[in-house]
Each structure stands twice: as C-alpha cells, then as structure tokens.
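First the structure, in the form of structure tokens, and then the observations on it.
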Amino acid sequence: MAFVQHPVVTAGDRLVRAADMVAEYNNGASQTEIANKYGLSLSWTGRLLRQAGAQLPPIRQGVKRTDLKHAVIVRQYLVTEASIRKIAAYHGTSYGTIRRILQRHGVVLRPHGGANRRVRR
C-alpha cells in the first residue's frame, strides 16, 4: 500500500491561503467554488472564511422549502383525508417534511393503518 506524501504547510502559508480565500469570496466566488479550488470540504471552507473575517450568511441547517403551501397541505390532509405519504409524493417531498408541517399547524394526526386497523379491546 502506497502512502500519499502531503506537502508541509506552515502557519504562514495557511494565513496567506485564508487571505486569498477571503479575497476570492469578496470578489464574488461562492463557498463551493473556493472549497473545490483548495480541495477543502464546504463546512471547513466556511469555517476558515469566518475565522479570516469574511462576512458569511448565518449557519443554518438544511434547505428551507419555500415552495410548499402549508394551507394546501393541511387542507389535503383534513378535507380530502389523503395520507401523509400521498401528500408527500404529490408535492415531491418527504414524509417527515409533511408530518412536521402538519404538526406545526396543530393538526391532530390520524393513527397509522387506516381502514385496516383493528379495534383494540
């Protein structure tokens, strides 16, 4: 098995690289472009840019779907009695996303199993 020999990078080299990255970001390069250029992960690139003083948008989790109409989803669930899975497939999103939307709107979720569910005694 061959081991890859990485070049020795000094602290000064890292400072120069960070300054170059900030300059590129301020000139319109995206974090993804910078990460690819320097062979870094996207999260590490963002961290280095922030440490070097770049003004980045706040860190947030995931991608927020703005195209989902919450009122339509709630109406589909309550009025048409469509299942969460059918609603998710219709909107091209996940079961969990639809479930969270319904819960945020205070909708009481139906039990699993539908018409095939047995009554417990």
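Numbers for the structure displayed
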item	result
Condition check for Leu42: outside the structural domain of Glu24 (by TED's automatic domain parsing), modelled with pLDDT under 90 and under 30 Å from Asn26 (Cβ atoms)	no
Residue list for the stretch 78-96, filter: buried (at least 17 other Cβ atoms within 10 Å of the Cβ) and within 14 Å of Arg65 (Cβ to Cβ)	Ile87, Ala88, His91
Index of the failed condition, Pro7 passing every other in (1) loosely packed, with under 11 Cβ neighbours inside 10 Å; (2) within 21 Å of the chain's Cα centre (by Cα)	(2)
Complete set of residues in the stretch 95-117 that are modelled with pLDDT of 90 or more and of a type in the set (S, T, N, Q)	Thr97, Gln103
Ala88 being within 20 Å of the chain's Cα centre (by Cα), of a type in the set (A, V, I, L, M, F, W, C) and part of a helix (DSSP H, G or I)	yes
Qualifying residue in the stretch 73-85 (condition: polar (S, T, N, Q) and not assigned by TED's automatic domain parsing to the domain that holds His105)	no
Breaking point among (1) in the same structural domain as Tyr25 (by TED's automatic domain parsing); (2) surrounded by 10 or more Cβ atoms within 10 Å (Cβ to Cβ), for Ile101	(1)
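The values are calculated or read from the model by the stated rules, or taken from the named source; none is laboratory data. Remember, it's a predicted structure, so these values are computed and weren't measured experimentally. Glycine gets a Cβ as well: all are built from the backbone with ideal geometry, and neighbour counts include every protein chain shown.
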